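Q: Supplied in structure tokens, the structure appears directly below.
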Amino acid sequence: MNMDKLFSIASMLVVVAGVTTVVSHPASAQVIRAIGDAFTGSLRAAQGK
């Protein structure tokens with residue numbers, strides 16, 4: 001097994017663990033909305049809107 005494949009598998013496990021943690025939290029919908037709003041705000045600021 002080469003390092004690229006090992007890194008890919010390890011990063012997938014980290015992403016799955018992170019998603020599981022966020023979804024299991026009771027206020028996860030608010031957290032996801034806040035992240036989306038922050039991302040949208042940063043895109044608008046970059047565009048000068």
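Q: If a residue must be open to solvent by 60 Å² or more (accessible area, probe 1.4 Å) and under 12 Å from the mean Cα position of the chain (by Cα), how many such residues does region 36-49 contain?
A: The total comes to 1.
Q: If you don't mind, another one. Starting from region 2-16, take each residue that is part of a helix (DSSP H, G or I) and list its partners that are modelled with pLDDT under 90 and open to solvent by less than 80 Å² (accessible area, probe 1.4 Å), counting only C-beta distances under 6 angstrom and pairs at least six apart or across chains.
A: Once the first residue is part of a helix (DSSP H, G or I) and sits in region 2-16, no partner that is modelled with pLDDT under 90 and open to solvent by less than 80 Å² (accessible area, probe 1.4 Å) comes close enough.
Q: In region 21-35, what residues are surrounded by 10 or more Cβ atoms within 10 Å (Cβ to Cβ) and assigned to a helix (DSSP H, G or I)?
A: Of everything in region 21-35, those that are surrounded by 10 or more Cβ atoms within 10 Å (Cβ to Cβ) and assigned to a helix (DSSP H, G or I) turn out to be Thr21, Val22, Val23, Ser28, Ala29, Gln30, Val31, Ile32, Arg33, Ala34, Ile35.
The values are calculated or read from the model by the stated rules, or taken from the named source; none is laboratory data. Because the structure is predicted, anything quoted here is derived from the model rather than measured. Here Cβ is always computed from backbone atoms with ideal geometry, including for glycine, and neighbour counts include all displayed protein chains. Surface areas here come from the heavy atoms of the whole protein model, side chains and all, with no ligands, DNA or RNA. Shrake-Rupley method; radii C 1.70, N 1.55, O 1.52, S 1.80 Å.
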